[in-house]
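Chemist: Quick one: the structure is below, questions incoming.
Where a number appears in this text, it was derived from the coordinates with a stated rule and is not lab data. If you're wondering where the values come from, they're calculated on a predicted model, not measured in any experiment. Cβ placement follows ideal geometry from the backbone for every residue including glycine, while neighbour counts extend to all protein chains displayed.
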Amino acid sequence: MFGISLFHSAGATGHVFTLSRGTFQDRGIGWSGLIGPMTAVAVVPTIAQVINFSVEAYTQDRQQITVSGSIQARLNGQDAKNSFDFTVDKHSGGYRSRWEALLQQSIVEQILGPIRTQALKLDISTAVTSQPQFEEAIRQAIADKTNPLVARGVTIESCSVSTVEPSDDEVSEAIGSKEREDLLSAADTARHERRSKAANHERDIRTFEAETNLKLEMDRSKLVAEQGKNMVALAKSEAEATQARLEPLTNIDPGKLMAAALMVAAEKGKLGSLNLTTELLAAVTATEKGG
């Protein structure tokens, strides 16, 4: 009917505007309806847009680095429709222009200055580990209400710097080599300290064992010496006791002494039997005959 068609390609999150005879009409989010042949349709996405970036900069020591990351931006339909071309094909719903590339360019233009300023504060070895510092520099720059992005209907919700790398592969390898050397040096130092502690510990153990053995030998020597003294004293005591017991018997006739011993043994029951040999009788009677 005279080119009138049904538009229903905005989806649930597209903010639809129509332009007819130079007049914009706000149709709202997810609108669908009949449009004439002379009506243009623009759909501004309301979901957050993730814009990736990769910016080159120079460090304090004049080394080139590449700062990469992403920014999450949200579009305000009323303002963004006047800054970017969101016109869609009325039949397919596809965008007729590359507004995403223009949005990315606009954002990169605003973060380029803060990134390069921050890079000039750092040397190359510090810069490659300074993602949080670059994030903070970007955040401060885009948080300013006078930022041109605000007027263009672009609100930055968050930013993330994923990598900061030297642009020159040789510089990157040199930084990695230095880090590897530092790690290897630290590992060698730790290994040497462990071995040194182990050696000192082993030496302390051996010294303790030697001192202990020496003390044991000294104690053993003292013990042997004391035992020797005790044995000598005991032998001397026994000899003196024996001499004291035998001294009263020195003047007794041997025959009488033997006879007395036999009598004592018989009285105590220690004499089982007695063979009277001529030698025994001779020994007993020897004194009497001699007398």
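Chemist: May I ask you to order 90-97, 13-20 by the average number of other C-beta atoms within 10 Å around their residues, highest value first? Spell out each step's value before the answer.
Modeler: Values: 90-97: 12.8, 13-20: 19.0.
My ranking of the peptides, most packed first, is 13-20, 90-97.
Chemist: Rank-order 45-52, 235-242 by packing density, defined as the average count of other C-beta atoms within 10 Å over each peptide's residues, highest first. Please list the in-between numbers first.
Modeler: Numbers: 45-52: 15.4, 235-242: 10.0.
Answer by packing, highest mean first, reads 45-52, 235-242.
Chemist: Follow-up. Could you run the Karplus curve 6.51 cos²θ - 1.76 cosθ + 1.60 with θ = phi - 60° over segment 56-64 and give me ³J(HN,Hα) per residue in whole Hz, x for Gly and Pro?
Modeler: Rounded to whole hertz, the list is 9, 8, 10, 7, 4, 9, 6, 10, 7.
Chemist: If the viscosity is 1.306 mPa s and the temperature 10 °C, what translational diffusion coefficient in µm²/s does Stokes-Einstein give for segment 5-167 when Rh comes from Kirkwood over Cα pairs? Write out the running numbers ahead of the final one.
Modeler: Working: Rh = 17.4 Å.
Using the Kirkwood radius from Cα pairs, D works out to 91 µm²/s.
Chemist: Expressed as a whole number of Å, what is the distance separating the alpha-carbon centroids of segment 1-59 and segment 124-164?
Modeler: That distance is 28 Å.
Chemist: What is the sum of charges around VAL154, taking Lys and Arg as +1, Asp and Glu as -1, for the other residues whose C-beta is under 14 Å from the C-beta of VAL154?
Modeler: Overall, the nearby charge balance is -1.
Chemist: Enumerate the calculated ³J(HN,Hα) couplings along segment 133-144 in order (Karplus 6.51 cos²θ - 1.76 cosθ + 1.60, θ = phi - 60°), each rounded to whole Hz, writing x wherever the residue is Gly or Pro.
Modeler: For segment 133-144, the Karplus-derived couplings read 5, 5, 4, 5, 4, 5, 4, 5, 5, 7, 7, 5 Hz, x marking Gly and Pro.
Chemist: Give the relative contact order (percent, whole number) for segment 5-167; include only Cα pairs under 8 Å separated by 6+ residues.
Modeler: On the way: 318 pairs, mean separation 41.5, N = 163.
Relative contact order for segment 5-167 comes out at 25 percent.
Chemist: Something else about it: Once R0 is set to 51 Å, what does the formula 1/(1 + (r/R0)^6) return for the Cβ-Cβ distance between LEU223 and GLU193, expressed as a FRET efficiency to the nearest 0.05?
Modeler: Details: r = 44 Å, r/R0 = 0.87.
With R0 = 51 Å, the Cβ-Cβ based efficiency is 0.70.
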